[in-house]
Amino acid sequence: MPSAAKSAESTHTHKRFPERLGFLLYNPIRRRFSPPTQLLSRLGVRDDDVVVDFGCGPGFYTIPLARIAARTIGIDISAGMLQRLRENCEKNAVRVELMQSDGRSINLGEDSIDLILLVHVFHEIGQKAEVLSEFSRILKVSGRLAIVERTKSGGFLAGKFGPPVIDQATVVNSIAGGGFRLIELVCDGQDSVIIAGKI
């Protein structure tokens with residue numbers, strides 16, 4: 001019989017974003033209505049930071065991160081998404097390290113990362129406890145985990161396009177159970193930006 005924690009975790013795991021629709025994640029219309037620099041400014045990314053964009057996709061946030069941070073690592077489970085990111089990096093003349101991983105094993109040193117960013121990705125993670133443990137291992141004591149999730153529905157296309165709406169408390173409780181403490185919670189339209197640090 002599965003534990004309550006495991007069944008709660010699986011309840012809030014959703015299907016991955018389809019690779020064939022990757023072009024929707026990296027386009028000028030999205031950039032115009034939701035500029036990635038707005039979030040990065042809110043997170044206070046510095047020019048000496050080492051950052052991980054986890055579930056980076058084709059690089060909507062990764063490329064702007066690479067223009068600011070000292071070192072940027074894009075991690076995705078999909079080889080196809082990483083290939084799109086590689087092409088977008090070449091077009092934009094930025095340097096990003098690419099890594100394929102589901103998050104349970106990340107080939108980075110302990111206490112080496114200043115910021116781990118997940119935008120509309122946390123709900124897709126199947127083994128959250130294992131992934132959060134790995135995040136804790138690679139994150140510096142002073143580092144931050146920033147999770148953006150859709151926590152409010154709205155608009156006539158709600159539920160048809162974009163990420164699923166999930167409960168904000170579910171995310172907060174999940175990261176607390178994974179060894180992180182809440183630093184800040186910011187509402188940004190339909191999204192919540194949940195910023196946490198290591199306990």
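The values are calculated or read from the model by the stated rules, or taken from the named source; none is laboratory data. As the structure is a computational prediction, the values presented were derived from the model and not from experiment. Cβ atoms come from the backbone with ideal geometry, glycine included; neighbour counts cover every protein chain shown.
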Task: The listed residue being surrounded by fewer than 22 Cβ atoms within 10 Å (Cβ to Cβ), farther than 17 Å from residue 196 by Cβ and in contact with a Ser or Thr (Cβ under 7 Å, 6 or more places away or on another chain), out of 80, 74, 126 - done: 126
Task: Test set (1) at pLDDT 95 or above; (2) closer than 26 Å to residue 59 by Cβ; (3) not polar (S, T, N, Q) - residue 123 fails condition number - done: (1)
- [ ] Working only within the range 89-111, note down all residues that are in contact with a helix residue (DSSP H, G or I) (Cβ under 6 Å, 6 or more places away or on another chain) and either modelled with pLDDT under 95 or over 20 Å from residue 123 (Cα atoms) (or both).
- [x] 92, 94, 96, 98, 108, 110
